[in-house]
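A.B. asks: Shown below is the structure under consideration.
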Amino acid sequence: MRLAVLGGGGFRVPLVYGALLRDKGKPRVEEVVLYDVSAERLEAIGHVLRQLAAGHEAPPEVRITTDLDAALRGASFVFSAIRVGGLAGRTADERVALDLGLPGQETTGPGGIAYGLRTIPVAMRVAERVAALAPEAWVINFTNPAGMITEAMRQVLGDRVIGICDSPIGLIRRAAAALGLDPARVSPDYVGLNHLGWLRGLTHQGRDVLPDLLADDAALRQVEEARVFGADWVRTLGALPNEYLYYYYFTRESVAAISGQTRGESLLRRQDRFYATVRARPGQALAEWDRTRRERDATYMAEARDTAAAGARDAADLEAGGYEGIALALMAAIARGEPSTMILNVRNGAAVPGLPADAVVEIPCAVDGAGVRPLATRPLPGRFLGLVQQVKAVEQTAIEAALTGSARLAVAAFALHPLVDSVATAHKLLDGYRARIPELAAVFPGRAPAG
């Protein structure tokens, strides 16, 4: 099989290739084609992959290209992990919001909307080329904001595009481990949108054991989300929230916590150093990548942990792996017909009551050789449903804005978001993002009507 990786010069691509090296099932990926707009970044990641492959028997062949069509032809699977505007765009996503007193985060709140607005037109062009050149391929979307981008791409690719995220499985893994259970032997009741969901139940041997976890102070202290949100709050919710709900439940604290360098600014500095080092000393590519990766992982969502005095990330979390494992498991389930249940970003249908049928939701799904089937969920209580409905309305407004180039709808997407406090602020957000991000300015060249 051939796997095309879009955004192939991205820093996390070696995680995917490392998972492929460990995969011994049949059929297996025999060729990986890396596509990126940056030949320099592709060359650097190519050095890392060649060093990763050293000593492995018959590793997947790696080919690099800056030609999208060449990457897609003959692909059985496409991993889409593009970052329109690069990390410089991410720093603007965060900083423009922070300068207006709003949470500065790349996928949640204003930053996530800005990221989606400039990414959707590019993602749609990718979808159209996949449909033309590899119509039987499955597209696994890593690109954030994953739910919004997947929902847009569905307009071209239908059920053959699936969004993934490692936050839910990480939460489930931590909850099961805190109870001394094997994560592979529990069934999660998880429901929501990408970066906006809750673990409401955890069934083991026919019994929901989540209430046992919520009642146990010592066990809860082993779960990073419980340390960040506080035991009292998760008990009040009766659920464990996805880590990104920190920006909704602790909005003021999240803004105050980022007083210096943002996450994007930190990553930009580290990754610029990585690519420069590899360019100068290509023989050290793997060692430099591994060192930079460990720094990156250890500082993930550090502002939330620091504010809550939740401590450093657990070593087991750092070693457990993330989205690359989910992507490979999804690919194996489809290609080999190995039945599996996974939490994925898929079309809702009737699975989550209260949301539109065409909305992409993040829920448990049955996966096998026939594809992906969302599993029905229990209705969300009002304290969760209202937030999900509002954010989904924002996502769908942003998609329409990006597809039509309507600055008016872009302002509406910002203004309707629960983390944005006024329509006037929404106008300032769009103006600020257009001033700093050329790719977004190209989508919305005209000003929105005032008021």
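A.B. asks: What are the ³J(HN,Hα) couplings of region 67-80, residue after residue, when phi is run through the Karplus curve with 6.51, -1.76, 1.60 and θ = phi - 60°? Round to Hz, x for glycine and proline.
C.D. replies: 9, 4, 4, 5, 5, 7, 4, x, 6, 8, 9, 10, 9, 9
A.B. asks: Expressed as a whole number of Å, what is the distance separating the alpha-carbon centroids of region 243-287 and region 336-414?
C.D. replies: What the calculation gives is 28 Å, centre to centre.
A.B. asks: Mind giving me the nanometre distance, one decimal, between the label points for Met1 and Asp431, set 7 Å out from Cα along Cα→Cβ?
C.D. replies: 5.0
A.B. asks: So what's the back-of-envelope 222 nm ellipticity for the chain, counting only DSSP H runs of four-plus at -39500 (n - 2.57) apiece and dividing by all residues, rounded to 500? Intermediate results must be reported in sequence, preceding the final value.
C.D. replies: On the way: 22 runs with 237 residues, N = 451.
Result for the chain, helices only: -16000 deg cm²/dmol.
A.B. asks: For Cα pairs less than 8 Å apart in space and 6+ apart in sequence, what is the mean separation divided by the residue count of the chain, i.e. the relative contact order in percent? Write out the running numbers ahead of the final one.
C.D. replies: Working: 806 pairs, mean separation 76.1, N = 451.
In percent, rounded to a whole number, it is 17.
A.B. asks: Taking H as built 1.01 Å from N, whose amide H comes closer than 5 Å to the amide H of Asp189, not counting residues under 5 places away?
C.D. replies: Arg200, Gly201, Leu202, Thr203
A.B. asks: Below 8 Å between Cα atoms, with a sequence gap of 6+, how large is the relative contact order for region 214-291 in percent? List each step's numbers first, then the result.
C.D. replies: Values: 30 pairs, mean separation 12.5, N = 78.
Relative contact order, region 214-291: 16 percent.
A.B. asks: Oh, and also: By average Cβ neighbour count within 10 Å, what is the ranking of 39-45, 171-177 from highest down?
C.D. replies: Details: 39-45: 19.1, 171-177: 21.3.
The most tightly packed comes first, giving 171-177, 39-45.
A.B. asks: Quick one, could you list the DSSP H helices from the chain stretching 27 Å or more along their long axis (Cα atoms) with average Kyte-Doolittle hydropathy of -0.5 or above? Kindly include the intermediate steps, with their values, before the conclusion.
C.D. replies: Values: long enough: 110-133 (34 Å, 0.70); 382-404 (33 Å, 0.45).
Qualifying helices: 110-133, 382-404.
A.B. asks: Need one value: the accessible area of Asp182 in square angstrom, 1.4 angstrom probe, rounded to the nearest 10.
C.D. replies: Estimated to the nearest 10 Å², Asp182 gives 80 Å².
A.B. asks: When all alpha-carbon pairs of region 338-440 are counted, what percent fall beyond 22 Å? Walk me through the intermediate numbers first.
C.D. replies: Details: 2352 of 5253 pairs.
Distances greater than 22 Å cover 45 percent of the Cα pairs.
A.B. asks: Can I ask one more? Put a dot 7 Å past each Cα toward the Cβ at Arg373 and Ala58; how far apart are the dots in nm?
C.D. replies: Label-label distance for Ala58 and Arg373, simple model: 3.4 nm.
A.B. asks: To continue, here is another question. Take His417, His47 and sort them by solvent-accessible surface of the protein heavy atoms, 1.4 Å probe, largest at the top. Can you show the working numbers first?
C.D. replies: Numbers: His417 10, His47 40 Å².
Of His417, His47, the descending order of accessible area is His47, His417.
A.B. asks: Let me ask something else. In region 184-290, what trypsin sites (Lys or Arg not before Pro) fall in a loop by DSSP, with at most 14 other Cβ atoms inside 10 Å? List each step's numbers first, then the result.
C.D. replies: Numbers: sites: Arg185, Arg200, Arg207, Arg221, Arg227, Arg235, Arg252, Arg263, Arg269, Arg270, Arg273, Arg279; in loops: Arg221.
Sparse-neighbourhood loop trypsin sites (Lys or Arg not before Pro): Arg221.
A.B. asks: Does region 29-77 come out rounded, prolate or oblate by the C-alpha gyration tensor, with a ≥ b ≥ c the root eigenvalues, rounded set by a/c under 1.5 and, if not, prolate when a/b is larger than b/c and oblate if not?
C.D. replies: Details: a/c = 3.81, a/b = 1.24, b/c = 3.07.
Note, shape of region 29-77 comes out oblate.
A.B. asks: Pulled fully out, how much extra length does the chain show between Glu40 and Asp421, if you take 0.36 nm times their separation in residues and subtract their Cα-Cα distance? Before the final figure, lay out the partial values.
C.D. replies: On the way: separation 381, 0.36 × 381 = 137.16 nm, distance 4.14 nm.
Length difference between fully extended and current span is 133.0 nm.
A.B. asks: Which ³J(HN,Hα) values, rounded to whole Hz and listed in residue order, are derived for region 189-205 from phi using the Karplus coefficients 6.51, -1.76 and 1.60 in 6.51 cos²θ - 1.76 cosθ + 1.60 with θ = phi - 60°, glycine and proline given as x?
C.D. replies: Values per residue, Gly and Pro as x: 9, 10, 8, x, 10, 4, 6, 7, x, 9, 8, 9, x, 8, 8, 9, 6 Hz.
A.B. asks: Roughly how many nanometres apart are two label points built 7 Å out from the Cα toward the Cβ at Gln390 and Arg269?
C.D. replies: The answer from the label model is 3.5 nm.
A.B. asks: Give the residue from Pro374, Met124, Val186 lying farthest towards the positive end of the charge dipole for the chain; charges sit on Cβ (+1 for Lys and Arg, -1 for Asp and Glu) and the dipole is referred to the Cα centre.
C.D. replies: Met124
A.B. asks: Related question: For region 29-179, what is the relative contact order in percent, using Cα pairs closer than 8 Å and at least 6 residues apart in sequence?
C.D. replies: Working: 185 pairs, mean separation 30.0, N = 151.
Over region 29-179, the number comes to 20 percent.
A.B. asks: Suppose all protein chains stay in the model; what accessible area per residue would a 1.4 Å probe give for the chain, in Å²?
C.D. replies: Value returned for the chain: 39 Å² of accessible area per residue.
A.B. asks: Here's something else I'd like to know. Could you pull the accessible area for Cys165 with a 1.4 Å probe, rounded to 10 Å²?
C.D. replies: About 20 Å², ignoring ligands and nucleic acids.
A.B. asks: Right, something else. What dipole magnitude, in Debye to the nearest 20, does the chain give about its Cα centre under +1 on Lys/Arg Cβ and -1 on Asp/Glu Cβ? Walk me through the intermediate numbers first.
C.D. replies: Values: 50 positive and 51 negative charges, 92 e Å.
About 440 debye.
A.B. asks: Then there's this: Calculate, axis by axis, the spread of Cα positions in region 179-224 along the three principal axes, and write the results as whole Å, longest axis first.
C.D. replies: If we take the Cα atoms of region 179-224, the spans are 29, 24, 16 Å.
The values are calculated or read from the model by the stated rules, or taken from the named source; none is laboratory data. Computed from a predicted model, the values in this text were never measured in an experiment. Cβ: placed from backbone, ideal geometry, glycine included. Neighbour counts: every protein chain shown. Surface accessibility is based on the protein's heavy atoms, side chains included, excluding ligands, DNA and RNA. Shrake-Rupley method; radii C 1.70, N 1.55, O 1.52, S 1.80 Å.
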